[in-house]
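Take a look at the structure below.
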Amino acid sequence: KAGVTQTPRYLIKTRGQQVTLSCSPISGHRSVSWYQQTPGQGLQFLFEYFSETQRNKGNFPGRFSGRQFSNSRSEMNVSTLELGDSALYLCASSLAEVGEQYFGPGTRLTVT
Amino acid sequence: DQQVKQNSPSLSVQEGRISILNCDYTNSMFDYFLWYKKYPAEGPTFLISISSIKDKNEDGRFTVFLNKSAKHLSLHIVPSQPGDSAVYFCAASSISSGSARQLTFGSGTQLTVLP
């Protein structure tokens with residue numbers, strides 16, 4: 001079974017631009033969560049989607065948004081990019097309400 | 001405020017010996033705990049989990065212990081192997097408050113297993 005895939009793997013953007021990252025969960029998984037990893041703040045929860053509905057949201061500004069499609073694929077969008085948004089963005093999928101989340105390799109976003 | 005803390009940024013052990021990684025939490029709503037391993041340029045890989053109704057869970061060389069009164073958990077790796085060298089993250093969530101999939105992570109511990 002294929003794992004969680006994320007595209008693109010690397011991205012360079014300029015301050016003020018917007019970016020869209022994509023995540024394809026493991027087949028059959030309906031929950032997708034997004035996390036941001038930075039050297040200063042570590043791994044932080046962004047939001048979680050289940051059956052196209054946002055179930056939980058972390059403490060991030062409204063510039064960070066996401067959505068989930070009927071095939072469970074998910075996208076996250078960051079508008080008006082800031083230098084501090086440079087990070088590794090990780091997507092994770094899970095099968096059950098309780099249990100492990102399986103992470104993708106991440107998208108490395110650099111904002112210049 | 002850090003709700004999940006891993007106070008040791010790094011740990012070195014000899015191959016074949018026991019590795020003990022520690023994690024403390026402050027949020028009493030947390031009732032599900034997980035350990036992940038992460039190599040550079042890869043996403044975290046799930047290792048083992050434990051529910052708050054248990055105090056121990058074992059899977060092969062990995063055992064997680066939970067002390068609810070102390071709000072402390074630990075991961076034991078026996079025997080340690082060079083391939084275990086990675087960053088280990090402790091994570092917690094709250095099933096009871098409907099946030100089972102909202103993981104709060106610790107800052108990680110870099111484990112180095114010396115041959």
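Distance between the 7 Å Cα→Cβ label points at B:His72 and A:Ala96: 3.0 nm.
Which of rounded, prolate, oblate describes chain A, given a ≥ b ≥ c as roots of the alpha-carbon gyration tensor eigenvalues and a/c under 1.5 marking rounded, otherwise prolate only if a/b is larger than b/c? Here chain A falls in the prolate category.
Mean separation of Cα pairs under 8 Å and 6 or more residues apart, divided by the residue count, gives segment A:11-50 a relative contact order of 30 percent.
Taking a sphere under 15 Å around the Cβ of B:Ala70 and counting the other residues whose Cβ falls inside, with K and R at +1 and D and E at -1, yields a net charge of +2. Our analysis of chain B gives Rg over Rh at 0.96, with the two radii drawn from alpha carbon positions and Rh computed by the Kirkwood formula. Springs join every pair of Cα atoms under 10 Å in this Gaussian network model of chain B, and among B:Asp24, B:Asp84, B:Asp59 the largest mean-square fluctuation is at B:Asp59. The calculated FRET efficiency for the pair A:Arg67 and B:Lys54, based on their C-beta separation and a Förster distance of 30 Å, comes to about 0.25. A simple spin-label model places pseudo-atoms 7 Å from Cα toward Cβ; at B:Gln81 and B:Leu11 they are separated by 1.8 nm. Looking at segment B:8-115, the GluC sites (Glu not before Pro) that sit in a DSSP loop and have at most 15 other Cβ atoms within 10 Å of their own Cβ are B:Glu15, B:Glu42. Here the extension length gained between A:Thr112 and A:Asn77 equals 10.9 nm, from 0.36 nm per residue of separation less the Cα-Cα distance.
Modelled this way, with points 7 Å down the Cα-to-C-beta line, the labels at B:Gln110 and A:Gln17 are 3.1 nm from one another. Centre-to-centre separation between the Cα atoms of segment B:58-101 and those of segment A:49-112: 24 Å.
Bear in mind that the values in this text are calculations on the coordinates, not laboratory data. No experiment lies behind these values; they were computed from the predicted model shown. Backbone-built Cβ (ideal geometry, glycine too); neighbour counts: all protein chains shown.
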